[in-house]
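No value in this document is a laboratory result; all are computed from the given coordinates. Fair warning: this is a prediction, and the values are worked out from it, not measured in the lab.
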Amino acid sequence: MNDSHTTSWYWPPAFNDAKQLVEYYESVAIPDEALFRFAHAYTRRAVAEGATGIDTRIPPHLMQTVLRAAMMRGLAKYFPLPEQQKVDKYELHYVGGDQRTVKWIALHFKTDDLGFDALYGEA
């Protein structure tokens with residue numbers, strides 16, 4: 001993996017395995033712009049699907065966790081299946097000390113199509 005001083009949320013290192021991907025995306029700082037883009041893309045999609053009110057938003061206290069899971073799962077698609085499954089099974093801190101797997105979070109919020117929109121999508 002590349003030196004952490006030359007990488008960022010927008011320019012991740014090249015990962016050799018699931019462990020490196022998880023460790024990186026669990027700790028890298030998420031820029032406010034990426035959070036905004038992700039929230040905007042999520043709301044835009046929810047409204048297009050007919051959601052209203054609170055159903056159009058990810059609770060703010062969960063936003064970073066959901067975005068981290070989306071990016072982990074999005075990049076894991078390029079790994080061989082056993083490595084994808086390692087990422088999917090990894091548990092992230094969720095609500096009140098609870099932990100949920102990357103796969104559970106991504107499927108619950110239906111974010112598989114939104115991770116890269118937070119990086120490079122239109123705000």
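Values for this structure:
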item: Percent RCO, i.e. relative contact order, over the chain, from Cα pairs under 8 Å lying at least 6 residues apart; result: 30 percent
item: Principal axis dimensions, the chain - Cα atoms, whole angstrom, descending; result: 42, 27, 27
item: Whole-Å distance, taken between Cα centres, linking segment 15-45 and segment 88-102; result: 15 Å
item: Potential extension, GLU91-ALA51 segment - 0.36 nm per residue separation minus Cα distance; result: 11.6 nm
